[in-house]
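Read the structure below first, then the notes.
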Amino acid sequence: MPNIKIFAGNSHPELAQRIAQRLGTEPSKVVLKKFANQETCVEIGESVRGEDVYILQSGCGEVNDHLMELLIMIHACKIASAERVTAVIPCYPYARQDKKDKSRAPISAKLVANMLSVAGADHIITMDLHASQIQGFFDIPVDNLYAEPAVLKWIKENIQNWRDCTIVSPDAGGAKRVVSIADRLNVNFALIHKERAIANEVERMTLVGDVNNRTAIIVDDMADTCGTVVKAAEKLKEAGAKCVYAVMTHGVFSGPALNRLMESPIEAIVVSNTIPQHEKIARCPKIQVIDISSILGEAIRRTHNGESISYLLKNIPL
């Protein structure tokens, strides 16, 4: 059987280190740099001939540079005779551009899928896609893992009266995710209907459900500028919620997000480490991080050994 080789891009080397540690190995050698004219240069530092290669790169920070880096690494491994190349993308780039919502709009998530396939990826492992239909943009296998088991564990361990809570979706699109978590905790759920005038700006919100004198937990897949989640928290407080928590898979926190969170009624915002958070935690102590390296590491191990990964969709590996 070929050996596992794990390569890390520049987006999140710490996560790659944790995953490699779980698998009892070290990240493989690769040199990533830029030429004077800003072109990306990739040098794979060891043989990958006949090996099972996993390349970890998250869609965060300098997204375009990191995406190009990933594509070149996949291509470099493929033409170096790797047996199989799997792109491990904890946070899929351009995931929100997944449909033609107005005339002449691009479907950039589909373009990224085409680029990964053409570069030579044989398999994609990602986490909490913004829309699960993105899997259909690929003609290669895509494993969309969920942070839900880790979220449930955090809620049970960190919120004392979690049996008295209400799980809230900040928009209609996240209703399915919220219903799933509420069912597994056996608690109520609520929904906030929002109307946008322009992208990233929320105009009006309507709460559907009861949060009076209860702990409200807002659950969504991504926290970007945090306008929606902060307005949702204010709405929940108005409706009589005792305290408000927010749980998001991908903590992007761009623009005024951290200032908004500090001034908001949210007690804590919990994100996974699909995106590095050290600098943001220093600026906003409300941020707490769930480690999902065990889920990704176990998915890699099971993929390598040809085992089913459906267990990981509902459970956290030990």
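Brief remarks follow.
- Filter result (of a type in the set (D, E) and in a helix (DSSP H, G or I)) within segment 143-157: E148, E157
- Subset of segment 124-158 [small (G, A, S) and in contact (Cβ under 8 Å) with a residue 60 or more places away in the chain]: A147, A150
- Enumeration of residues in segment 41-61 that are surrounded by fewer than 17 Cβ atoms within 10 Å (Cβ to Cβ) and at pLDDT 95 or above: C41, E43, G45, E46, S47, R49, G50
- Condition met for D65 (closer than 21 Å to I275 by Cβ and out of contact with any strand residue (DSSP E or B) (no Cβ under 6 Å at 6 or more places or on another chain)): yes
- Test: residue in segment 75-96 that is open to solvent by 30 Å² or more (accessible area, probe 1.4 Å), among the aromatic types (F, W, Y) and within 20 Å of A121 (Cβ to Cβ): yes
- The residues on offer are L145, L71, and the sole one that is at pLDDT 95 or above, surrounded by 15 or more Cβ atoms within 10 Å (Cβ to Cβ) and under 21 Å from Q277 (Cα atoms) is L145.
- Criterion violated by S294 - all others in (1) part of a loop (DSSP other than H, G, I, E, B); (2) under 28 Å from A82 (Cβ atoms); (3) of a type in the set (S, T, N, Q) satisfied: (1)
- Members of segment 120-142 found to be assigned to a helix (DSSP H, G or I) and either of a type in the set (F, W, Y) or surrounded by fewer than 19 Cβ atoms within 10 Å (Cβ to Cβ) (or both), listed by number: S132, Q133, Q135, G136, F137
- Subset of segment 33-68 (residues that are among the aliphatic types (A, V, I, L, M) and part of a loop (DSSP other than H, G, I, E, B)): A36, V48
- Scan of segment 216-230 for residues that are in a helix (DSSP H, G or I) and of a type outside the set (G, A, S), ordered by number: T228, V229, V230
- Among the numbered conditions (1) farther than 27 Å from L312 by Cβ; (2) buried (at least 20 other Cβ atoms within 10 Å of the Cβ), the only one that K100 does not meet is (2).
Matching residues to (1) in contact with a strand residue (DSSP E or B) (Cβ under 8 Å, 6 or more places away or on another chain); (2) open to solvent by 40 Å² or more (accessible area, probe 1.4 Å); (3) of a type outside the set (A, V, I, L, M):
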{"position": "V151", "(1), (2), (3)": "yes, no, no"}
{"position": "I159", "(1), (2), (3)": "yes, no, no"}
{"position": "R163", "(1), (2), (3)": "no, yes, yes"}
{"position": "S169", "(1), (2), (3)": "yes, no, yes"}
{"position": "A190", "(1), (2), (3)": "yes, no, no"}
{"position": "R214", "(1), (2), (3)": "yes, yes, yes"}
{"position": "D221", "(1), (2), (3)": "yes, no, yes"}
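- Hits in segment 231-260 (condition: among the aliphatic types (A, V, I, L, M), outside any loop (DSSP other than H, G, I, E, B) and surrounded by fewer than 24 Cβ atoms within 10 Å (Cβ to Cβ)): A257, L258
The values are calculated or read from the model by the stated rules, or taken from the named source; none is laboratory data. From a predicted model like this one, the values you see are computed outputs, not experimental measurements. Neighbour counts are summed over all protein chains in view; Cβ atoms, including those assigned to glycine, are modelled from backbone coordinates with ideal geometry. The accessibility values were calculated without ligands, DNA or RNA, using every heavy atom of the protein model including side chains. Shrake-Rupley method; radii C 1.70, N 1.55, O 1.52, S 1.80 Å.
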